[in-house]
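This report refers to the structure that appears directly beneath it.
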Amino acid sequence: MNPQGVLHATRPAAPADDFAADVLAGLKAKPKALPPKYFYDLAGSALFERITRLPEYYPTRCEIGILQDQAPAIASMFPPGSALVEFGSGSSRKARILLSAAATVEAYVPVDISGDFLQQDLVQLKRDLPHLIVHPLVEDFTKPFALPPALAALPRVGFFPGSTIGNFEPEEARGFLRHIGAMLGPAALLVVGIDLVKDEATLVRAYNDAEGVTAKFNLNLLTRINRELGADFDVAAFRHSAFFNRALSRIEMHLVSGKRQRVRVNGATIEFGAGETIHTENSYKYTVESFQALARSAGWTPVKVFTDGMFGVHALRRTEDR
Ligand code: SAH
Ligand code: AVI
């Protein structure tokens, strides 16, 4: 514990070996693809924070608005003395809204792969809410990990905001919802924020901002691979592309090679054709009904949904095991 009362996040989340193996496998695959969880080194997390403040990127503003309006209603569903476990907490800006309205929450467990970033805002949170146990975990939430033993006796509430669940394939999202159901325990509550399907122009603008921050966020993945894996990507020879794939109800982000080129990555040579892409992210968009159907199929019962027509915040309760 540091002097400010925030427990230290200790483990490195993405061991370098995993990163190297995942990058090589992704670049050797046809079509080429990289997992979006690797966007979030320190620079990537800071770029994501900038994205959340862009005029075109409505999801953060909409979700924060819903949380501010509905925090008392959401907090009233929390069991007394609970632990709030947040998956992909980033700056913890949204949890702070719920925690400020839920005075009986005893512990906050922000889980994030981006260890350097995770710690930054927690000291101030602890100052503002001194009664709260703050126990950050640097973990890849797609892999099994243990909650702190000190929280074993507390009822758990899961929080998964930001539409991060939309970055999974629907089948992966179902598996993930099941996995966190088992982790949070019987009768757990889960609050999930998910972006809604809407007109194509609004969706496409949100991922093609005029300032080019989303492009920098996407291209930073290559900079990270160069730095951490000794690769020699000519970052200027790739460009950002984002479009809506309506058939699959997802925004796709790609990095497009501007020419035929060869890149050395960790001892391997990767060939690119002109116009060939690396698929770097999917951001699935759901209707209220399609998300509730997904949740039901993963062992969660929809209790309430709060929406402004642009974004949905779902409260789900773990379906009783029969
Ligand atoms: N919850 C915040 C941040 C969303 S951005 C918000 O709503 O604004 C997605 C966050 O999830 C980032 O902080 C990123 O580092 C984290 N993340 C992405 N994949 C992850 C993984 N596999 N394991 C843990 N954290 C992950
Ligand atoms: C974190 N995630 C939900 C964001 C999204 O909208 O898919 C990441 C992002 N990618 C581009 N802009 C924002």
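The values are calculated or read from the model by the stated rules, or taken from the named source; none is laboratory data. Everything numeric here is computed off the predicted structure, so don't read it as measured data. Counting neighbours? That spans all protein chains shown, and the Cβs are built from the backbone with ideal geometry, glycine included. These area figures cover heavy atoms from the full protein model, side chains too; ligands, DNA and RNA do not enter into them. Shrake-Rupley method; radii C 1.70, N 1.55, O 1.52, S 1.80 Å.
At a glance:
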| item | result |
| --- | --- |
| Relative contact order of the stretch 69-108, pairs being alpha-carbon contacts under 8 Å that are 6 or more residues apart, as % | 58 |
| Amide H contacts of V265 (H built 1.01 Å from N, under 5 Å, at least 5 apart or other chain) | I270 |
| Peptides ranked, highest mean first, by Cβ atoms within 10 Å: ranges 105-112, 142-149 | 105-112, 142-149 |
| Relative packing of 39-51, 239-251, which averages over residues the other C-beta atoms within 10 Å, highest first | 39-51, 239-251 |
| Gyration tensor (alpha-carbon) shape descriptor, the stretch 192-289, a/c threshold 1.5 | prolate |
| Using a Förster distance of 30 Å, the FRET efficiency for E211-K259 (Cβ separation, nearest 0.05) | 0.70 |
| Charge sum, other residues only, whose C-beta stays under 9 Å from P302's C-beta, Lys/Arg counted +1 and Asp/Glu -1 | +3 |
| Quotient of Cα Rg and 2.2 N^0.38 Å for the chain, N being how many residues it contains | 1.00 |
| Unit charges on C-beta of K, R, D, E only; dipole of the stretch 232-282, Debye | 120 |
| HN-Hα J in Hz across the stretch 133-142 - Karplus 6.51, -1.76, 1.60, θ = phi - 60°, x for Gly and Pro | 7, 10, 10, x, 10, 8, 9, 8, 6, 7 |
| Net +/- balance of residues flanking G44 in space, Cβ distance below 11 Å, scoring K and R +1, D and E -1 | +1 |
| Added length on full extension, which subtracts the Cα-Cα distance from 0.36 nm per residue, E171 to N245 | 24.9 nm |
| Per residue value of the accessible surface for the chain (all protein chains in place, 1.4 Å probe), Å² | 42 |
| Those lysines that a straight Cα-Cα span of less than 22 Å connects to K198, excepting residues fewer than 8 apart in one chain | K285, K304 |
| Spin-label model distance (nm) - T269 vs K30, 7 Å beyond Cα toward Cβ | 1.8 |
| Cα centroid separation, the stretch 215-289 to the stretch 148-165 (Å) | 32 |
| With every protein chain in place, the chain: carbon and sulfur % of accessible area (1.4 Å) | 56 |
| Accessible area of V303 in the full protein assembly, 1.4 Å probe (Å², nearest 10) | 70 |
| Environment charge of L189, counting only residues whose C-beta is closer than 10 Å and scoring Lys/Arg +1, Asp/Glu -1 | +3 |
| Karplus (6.51, -1.76, 1.60) ³J(HN,Hα), θ = phi - 60°, over the stretch 67-72, in Hz, Gly and Pro reported as x | 5, 4, 5, 10, 3, x |
| Mean separation of Cα contacts under 8 Å, 6 or more apart, over the residue count of the stretch 95-222: relative contact order % | 20 |
| Estimated [θ] at 222 nm from DSSP helical runs (n ≥ 4, -39500 (n - 2.57)) normalised by residues in the chain, nearest 500 | -10500 deg cm²/dmol |
| Net lengthening on full extension, S76/V288 (0.36 nm per residue, minus Cα-Cα) | 74.1 nm |
| Cut-off under 5 Å, modelled amide H: who pairs with E281 long-range | M253 |
| Cβ-Cβ FRET estimate between D128 and R178, R0 fixed at 35 Å, reported to 0.05 | 0.55 |
| The chain, relative contact order in percent, only Cα pairs under 8 angstrom and at least six apart counted | 21 |
| Assigned charges on the beta-carbon of Lys, Arg, Asp, Glu; the stretch 103-151 dipole about Cα centre (debye) | 120 |
| Burial order of peptide ranges 154-167, 225-238, 179-192 (average beta-carbon count within 10 Å, highest first) | 154-167, 179-192, 225-238 |
